[in-house]
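The values are calculated or read from the model by the stated rules, or taken from the named source; none is laboratory data. Predicted model only: the values in this text are computed from it and were never measured. Note: ideal-geometry Cβ built from the backbone for every residue, glycine included; neighbour counts use all protein chains shown.
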Amino acid sequence: MDLLYFRRRLTNALALVLSTLATLVGLAFLAWILWETLRQGLAALDLKLFTKITAYGDQGGLANAMVGSLIINFVGIAIATPIGVLAGTWLAEYANRTRLGETIRFLNDILLSAPSIVMGLFVYTIIVLPSTALTHGNTTFSGFAGGVALALIALPVIVRTTDEMLRLVPPTLREAALSLGVPQWKLTSQILLRAARSGIVTGVLLALARISGETAPLLFTAFGNNFMTFNPLDKMSSLPQVIYQYANDPGETMHALAWAGAFVVTLFVLLLSLASRLLFARKVSHD
Amino acid sequence: MSTIPATDIPEQRARHDARHDRLFAGLLKACALIVLAALLGAAFATLWGGREAFGTFGWHFLVSSAWDPSSQEYGALVPVYGTLATSFIALLIAVPVSFGIALYLSEVAPRWLRTPVASAIELLAGIPSIIYGMWGLFVFAPFFAEHIKPWLTNYLGNNPDDGTPSWVATHVPFVGKLFASDYPFGASILTAGIVLAIMIIPFISSVMREVFQTVPTRLKESAYALGSSTWEVSWDIVLPYTRSAVIGGIFLGLGRALGETMAVTFVLGNAMDLSASLLDPGSSIASTIANQFSEAVGLQKSALMALAFLLFVVTFIVLLIARLMLRRLASREGR
């Protein structure tokens, strides 16, 4: 009996130690990755990153890639936000518990983790190839195509948060408005969406954080461009794509530039997720 | 006095409102259908792009290990094997570690520590995959080549210098082959598997932690009252109760691992040869596409599209299983 008791206690102690160890391992890798990005990124941080373009190679900076990233992300969010918010509203307000609604909600969750490189190839097929054919090769890869690819990745995030946030709005609000004779479109657009606003903004910020680091879908859509361009119909470089290109370069100076880019992207993404967390925390504390 | 009879105004308004309601609902529904269109479109676009490769090689495409642009011979076996092997290694590492983290955060850690540690682990999920890739390429792969790989080849495979097999390699079947390598660099299937594991740990552990919290307190407390230890409660009460959702979380991680591009491309070595050793370089579907698509023409481009179609179908099935499993627990709770 004593032996059994001892064995059970030993198993328990071992399991608890191992679980603590697992957590420490997870935290250690987080610290290791962030530390290397910080150390190597700060070492390579330089004013010319923001003033010079990638055409100068190891003498240059990342200015055109940063501008490109901003434009492509903006296009992505500008496309995904209205579609995502409206689709999420439909799921929560019009199709909750209908068969089509459940199916789309389910497929949206799958789209959420679908391989991003396949989304890149999809946009390559529906935008890059037709635009090449229509303009006789004048417009091939473009920042716009990159933005569409990112929109497809941001869309499910926005749909899901909008859907969830609207379902948190108390039903009494709907009943009160309907009893006053407010038509449903007015109720949805002016009362419910307003009530869920901060949650939806959180979703958009999360989606922006998600697409800011995406590389794979941009390789065959925005392609890359060593020169500064503001035209979304032009080939356009982006920070992740330049990081990918420079990290694969044999030159040490290029690696330093890649680390600097990695530092900027990581900082941006982490600040965004922090902001969305703060925003959401504020909403919860108010309710 | 207005010329319009007073009774018409509300009627007219009701008609307007009804029309606007229909238009609004239609607009919303059209937007929701875009989600459906994106998934179907991605499947059809890659299938259409890969039709030439599927037509040329037929079923042989799936089992051929050839990948030779000069003789226009393409097969999916090497990248498919690389994708499955790296994802399997990632799961092998990530599942026990994630379970440990979820157990620690839901049962072991002092209450004040839970939220900060959980947010820190979730921070790992927010780091862009290209950062994992760079860290893997410049930091982890050299570390692996210098400290871990020599040990593995020495004790489990062949001696890297004179090729004499280790004790394990002569006494245990298969293991020797898995860890034999005379290639000195860090990029390998095992390295990619480890980097993937670090990437998917936050996904799996946060699902596990969430579902562990749904276990009714009275179940756990009854077990504690009968004298169970923390481990026994977790293993015999919490885990069976949440089994389907835990499996769902694991499949969700698997779906991520299968489709991951950047973290893998940097540390896989991108060799289109089939090797039994986990310490040799390989390639995955996503890394092959990322490396070759922009320079590919004709049949090669079509073969890459066909690979993308395979990847899409496999991840779709894995994610479908994941979501169904996750829903099972939710529906039991009446949500």
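May I ask you to say which residue of B:ALA306, B:ALA276 is among the small types (Gly, Ala, Ser) and surrounded by fewer than 19 Cβ atoms within 10 Å (Cβ to Cβ)?
Working: B:ALA306 fails: surrounded by fewer than 19 Cβ atoms within 10 Å (Cβ to Cβ).
Exactly one residue qualifies, and that residue is B:ALA276.
May I ask you to say which residue of A:VAL159, A:VAL148, A:VAL128 is under 21 Å from B:MET262 (Cβ atoms), within 13 Å of chain B (Cβ to nearest Cβ) and modelled with pLDDT of 95 or more? Please lay out each step first, then the result.
Values: A:VAL159 fails: under 21 Å from B:MET262 (Cβ atoms); A:VAL128 fails: modelled with pLDDT of 95 or more.
Going through A:VAL159, A:VAL148, A:VAL128 in turn, the sole match is A:VAL148.
Matching residues to (1) in contact with a helix residue (DSSP H, G or I) (Cβ under 7 Å, 6 or more places away or on another chain); (2) assigned to a helix (DSSP H, G or I); (3) within 25 Å of B:VAL139 (Cα to Cα):
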site	(1), (2), (3)
B:ALA245	yes, yes, no
B:PHE251	yes, yes, no
B:LEU258	yes, yes, yes
B:ALA271	no, no, yes
B:ALA290	yes, yes, yes
B:SER302	yes, yes, no
B:MET305	yes, yes, no
B:PHE309	yes, yes, no
B:ALA330	no, yes, no
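How about region A:212-232: which of its residues are over 23 Å from B:THR265 (Cα atoms) and either buried (at least 24 other Cβ atoms within 10 Å of the Cβ) or touching a Phe, Trp or Tyr at 6+ places or on another chain (Cβ under 6 Å) (or both)?
Residue satisfying the conditions is A:PRO232 alone.
Okay, residues lined up against (1) within 14 Å of another protein chain (Cβ to nearest Cβ); (2) within 30 Å of A:TYR244 (Cβ to Cβ):
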residue: B:MET134; (1), (2): yes, yes
residue: B:LEU137; (1), (2): yes, yes
residue: B:PHE143; (1), (2): yes, yes
residue: B:ASN159; (1), (2): no, no
residue: B:PRO165; (1), (2): no, no
residue: B:THR170; (1), (2): no, no
residue: B:SER181; (1), (2): no, yes
residue: B:PRO184; (1), (2): no, yes
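Is region B:60-74 home to any residue that is within 30 Å of A:GLY84 (Cα to Cα) and either part of a helix (DSSP H, G or I) or away from chain A (no Cβ under 14 Å) (or both)? Talk me through it step by step, then tell me what you get.
Here is the first cut: in region B:60-74, the residues within 30 Å of A:GLY84 (Cα to Cα) are none.
Checked region B:60-74: no residue is within 30 Å of A:GLY84 (Cα to Cα) and either part of a helix (DSSP H, G or I) or away from chain A (no Cβ under 14 Å) (or both).
When the residues of region A:9-23 are filtered to those that are loosely packed, with under 13 Cβ neighbours inside 10 Å and at the interface with chain B (Cβ under 9 Å from one of its Cβ atoms), which remaining residue is farthest from B:LEU123 (Cα to Cα)?
Kept after step one, since they are loosely packed, with under 13 Cβ neighbours inside 10 Å, are these residues of region A:9-23: A:9-10, A:14, A:17.
Within this subset, residues satisfying the condition of being at the interface with chain B (Cβ under 9 Å from one of its Cβ atoms) are A:9, A:14.
Numbers: A:ARG9: 34, A:LEU14: 28 Å.
Per the criteria, the residue is A:ARG9.
Quick one: in region A:24-49, which of the residues that are among the small types (Gly, Ala, Ser) and surrounded by 14 or more Cβ atoms within 10 Å (Cβ to Cβ) is farthest from the other protein chains (Cβ to nearest Cβ)? Full working, then the answer.
Initially, region A:24-49 is screened for residues among the small types (Gly, Ala, Ser), giving A:26, A:28, A:31, A:41, A:43-44.
Pick out the ones that are also surrounded by 14 or more Cβ atoms within 10 Å (Cβ to Cβ) and you get A:26, A:41, A:44.
Details: A:GLY26: 5, A:GLY41: 10, A:ALA44: 12 Å.
In this case the residue turns out to be A:ALA44.
I need the full set of residues from region A:50-73 which are polar (S, T, N, Q) and either under 20 Å from A:LEU218 (Cα atoms) or crowded, with 16+ Cβ neighbours inside 10 Å (or both), in order please.
Within region A:50-73, A:THR54, A:ASN64, A:SER69, A:ASN73 qualify.
I want to confirm something. Restricting to region B:86-107 and keeping residues that are of a type in the set (S, T, N, Q) and away from chain A (no Cβ under 11 Å), which single residue is surrounded by the most Cβ atoms within 10 Å (Cβ to Cβ)? First the steps, then the outcome.
Of region B:86-107, the ones of a type in the set (S, T, N, Q) are B:86-87, B:98, B:106.
So of that shortlist, the ones also away from chain A (no Cβ under 11 Å) come out as B:86-87.
On the way: B:THR86: 33, B:SER87: 29.
Ranking the qualifying residues of region B:86-107, first place goes to B:THR86.
When residues of region A:80-115 are filtered for being in contact (Cβ under 8 Å) with a residue 24 or more places away in the chain, more than 7 Å from chain B (Cβ to nearest Cβ) and of a type outside the set (Asp, Glu), how many remain?
Matching residues across region A:80-115 total 9.
Looking at this structure, is B:ILE250 closer than 19 Å to B:ILE200 by Cα and away from every other protein chain (no Cβ under 12 Å)? Before you say what the answer is, go through the steps one by one.
Working: closer than 19 Å to B:ILE200 by Cα: yes; away from every other protein chain (no Cβ under 12 Å): yes.
Yes: the conditions hold for B:ILE250.
What pairs come up if the first residue lies in region B:108-130 and is at the interface with chain A (Cβ under 7 Å from one of its Cβ atoms), the second is aromatic (Phe, Trp, Tyr), and their beta carbons are under 7 Å apart, counting only those six or more places apart or on different chains?
Close Cβ pairs (under 7 Å, with a partner that is aromatic (Phe, Trp, Tyr)) amount to B:ILE130/A:TYR244.
Just need a number here: residues in region B:161-211 that are crowded, with 20+ Cβ neighbours inside 10 Å and assigned to a loop (DSSP other than H, G, I, E, B).
Residues flagged as crowded, with 20+ Cβ neighbours inside 10 Å and assigned to a loop (DSSP other than H, G, I, E, B) within region B:161-211 amount to 6.
Quick one: B:ALA322 ticks every box in (1) surrounded by 24 or more Cβ atoms within 10 Å (Cβ to Cβ); (2) facing another protein chain (nearest Cβ under 10 Å); (3) modelled with pLDDT under 90 bar one, so which box is it?
Every listed condition holds for B:ALA322 apart from (3).
From (1) touching a residue at least 40 places away in the same chain (Cβ under 8 Å); (2) buried (at least 20 other Cβ atoms within 10 Å of the Cβ), pick out the condition that doesn't hold for A:TYR244.
A:TYR244 satisfies all of (1) touching a residue at least 40 places away in the same chain (Cβ under 8 Å); (2) buried (at least 20 other Cβ atoms within 10 Å of the Cβ) except (1).
Can you tell me which residues in region A:35-77 are part of a helix (DSSP H, G or I), among the small types (Gly, Ala, Ser) and under 20 Å from A:THR229 (Cα atoms)? Steps first, please.
We begin by selecting, within region A:35-77, every residue part of a helix (DSSP H, G or I); these are A:35-44, A:48-51, A:54-59, A:63-77.
Applying the additional criterion that residues be among the small types (Gly, Ala, Ser) yields A:41, A:43-44, A:55, A:57, A:63, A:65, A:68-69, A:76.
Once the filter is applied, which keeps residues that are part of a helix (DSSP H, G or I), among the small types (Gly, Ala, Ser) and under 20 Å from A:THR229 (Cα atoms), region A:35-77 yields A:ALA55, A:GLY57, A:ALA63, A:ALA65, A:GLY68, A:SER69, A:GLY76.
Exactly one of these conditions fails for A:ARG174: (1) modelled with pLDDT under 90; (2) in contact with a helix residue (DSSP H, G or I) (Cβ under 8 Å, 6 or more places away or on another chain). Give me its number.
(1)
Regarding region A:240-254, can at least one residue be identified that is hydroxyl-bearing (Ser, Thr, Tyr), more than 12 Å from chain B (Cβ to nearest Cβ) and in contact with an Asp or Glu (Cβ under 6 Å, 6 or more places away or on another chain)?
We begin by selecting, within region A:240-254, every residue hydroxyl-bearing (Ser, Thr, Tyr); these are A:244, A:246, A:253.
Okay, now just the ones that are also more than 12 Å from chain B (Cβ to nearest Cβ), so A:253.
Then keep just the ones that are in contact with an Asp or Glu (Cβ under 6 Å, 6 or more places away or on another chain); that gives A:253.
The answer is yes, given that some residue of region A:240-254 is hydroxyl-bearing (Ser, Thr, Tyr), more than 12 Å from chain B (Cβ to nearest Cβ) and in contact with an Asp or Glu (Cβ under 6 Å, 6 or more places away or on another chain).
If only one of A:ALA95, A:ALA87, A:ALA43 is hydrophobic (A, V, I, L, M, F, W, C), within 18 Å of B:LEU28 (Cβ to Cβ) and modelled with pLDDT under 95, which one is it? Quick ask: steps written out before the conclusion?
On the way: A:ALA87 fails: modelled with pLDDT under 95; A:ALA43 fails: within 18 Å of B:LEU28 (Cβ to Cβ).
A:ALA95 is the lone residue from the list that is hydrophobic (A, V, I, L, M, F, W, C), within 18 Å of B:LEU28 (Cβ to Cβ) and modelled with pLDDT under 95.
Quick check on region B:266-276. Is at least one of its residues closer than 19 Å to B:PHE61 by Cα and of a type in the set (S, T, N, Q)?
Filtering region B:266-276 for residues closer than 19 Å to B:PHE61 by Cα gives B:271-275.
Filter once more, so that each one left must be of a type in the set (S, T, N, Q): B:275.
Looking for residues that are closer than 19 Å to B:PHE61 by Cα and of a type in the set (S, T, N, Q), one finds at least one in region B:266-276, hence yes.
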